[in-house]
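Chemist: First the structure, which I've put down as structure tokens, then a few questions once you've had a look.
Just so you know, all these numbers are worked out from the coordinates, no wet-lab data involved. Values in this document were obtained by computation on a predicted structure and should not be read as measured data. In this analysis, Cβ positions are derived from the backbone assuming ideal geometry, glycine residues included, and neighbour counts consider all displayed protein chains.
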Amino acid sequence: MVSSNGGGSSSGGFGRASPPRVALPKKGVLLGVGWSGAQGAGNQIMVAKVDLGATKAKLSQVWRPFTDAPGRRDVLQRLPEFLAEAARWAEGKLVVGFDFPFSLSETHLRQLNLLRQAIRGPAALGKAIEERFLPQGVDFSEAAEVFRDQLGKERVRLTDGYRATPNSPAGQKLYRHTFFGLVALSKLGDDVNFVPWDPPVAGQTSVVEVCPFHVARVLTGSQAFADDARDGVSRSNQRAVLLRTMRTASKLEFDMETAASIVEDERGDGMRAVLAAVGAGAAAAAGFEGVPANVPRSEGWIYSVREEPWRDE
């Protein structure tokens, strides 16, 4: 039956919007990093590289760059040079999105007496956490447990509320990522800018926190893209839907071999990395603007694609 108001087919329904659109920068390179804080983290950390051009973006590589030395201390040593090399290839136009929290809730920061360091930025906070919880000879796993115990009750940041993140920075599923990630950020050099604590600077690497689950939800209405042994559901179709949506929304190109590896990855690690890259790129294209006025500087901000990207700006 056709509506008397006209417009659209009966299968489309009244009031449907156009597909989502996501603008990416026209020059440089995006890196999306699917992080891990587990033992042997280098075997799990996944990186997606997107080469940017005037008319298209190319997903050129999705890989695990730290598998030859997967220990957490090995990753700490290699990460700065890995990013420096990527920046050289990008000719100074590199944006990196990591999918772990860059800070804690203000309540937790005050509890640990680390608010001043968090206001300065993730590197200062990570250094203070390392000095307190990782004295020489202490194991990462043991230190992360002490870190979690001292935080106590789970608390979310305002940015977690805005982005509807599935896990809090100190929650059971994420505290190891948070702990190891912050220590890793403390190892990066002065040529890296942690936005929004630092403004982006031409010729220097911009590093931001992203949430792949938020990008997935905004683009497709669902944040679930990894298979779950508890329900026995394969989400390979959802991973394929996400890739197609990013292709049409942001003109992201990829070859079939790369797409197949992402779709067939039951853990969704490759998809996390790609979503992280797209979220970081969308934020860069928007000038990293839009941080709500009530978000504390100490807690940071999760950058992403804009909400309701199918609407006209």
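Chemist: Could you tally up the Lys pairs in the range 29-303 with alpha carbons closer than 15 Å? Skip any pair fewer than 8 positions apart unless they're on separate chains.
Modeler: For the range 29-303, the number of qualifying lysine pairs is 7.
Chemist: Sorted by packing (mean other beta-carbon atoms within 10 Å per residue), highest first, where do 198-207, 231-240 land?
Modeler: 198-207, 231-240
Chemist: Going by how many other Cβ atoms sit within 10 Å of their own, how do Trp89, Trp301, Trp197 line up, fewest first? Please report the intermediate quantities before stating the final value.
Modeler: Details: Trp89 11, Trp301 25, Trp197 21.
Final ranking by Cβ density, sparse to dense: Trp89, Trp197, Trp301.
Chemist: Suppose only helical runs count, i.e. DSSP H with n ≥ 4. What mean residue ellipticity at 222 nm does that imply for the chain under -39500 (n - 2.57) per run, divided by all residues and rounded to the nearest 500 deg cm²/dmol?
Modeler: My calculation for the chain gives -11500 deg cm²/dmol from helical runs alone.
Chemist: Pick out the long, greasy-scoring helices in the chain: whole DSSP H runs spanning 20 Å or more along their own axis by Cα, mean Kyte-Doolittle at least -0.5.
Modeler: 236-250, 269-285
Chemist: Another one. Apply 1/(1 + (r/R0)^6) to the Cβ-Cβ distance of Ser261 and Arg110, taking R0 = 45 Å, and write down the FRET efficiency to the nearest 0.05.
Modeler: Computed FRET efficiency for Ser261 and Arg110 comes out at 0.55.
Chemist: Rounded to the nearest 5, what % of DSSP beta bridges with both residues in the chain are antiparallel?
Modeler: 45
Chemist: If I compute P(r) over Cα pairs in 10 Å bins from 0, in percent from the structure I just sent, which labelled value in (i) 6, 27, 35, 22, 7, 2, 1, 0; (ii) 5, 24, 30, 22, 13, 5, 1, 0; (iii) 5, 19, 17, 14, 12, 11, 9, 7, 3, 1, 0 lines up?
Modeler: (i)
Chemist: Provide the net charge surrounding Asp74, with neighbours chosen by a C-beta distance below 15 Å and charges set as Lys +1, Arg +1, Asp -1, Glu -1. Please report the intermediate quantities before stating the final value.
Modeler: Working: positive: Arg64, Arg72, Arg73, Arg78, Lys187; negative: Asp68, Glu81, Asp139.
Net charge in that neighbourhood comes out at +2.
Chemist: Under unit Cβ charges (Lys, Arg +1; Asp, Glu -1), what dipole magnitude, rounded to 20 debye, does the range 29-303 have relative to its Cα centre?
Modeler: The dipole magnitude comes to about 540 debye.
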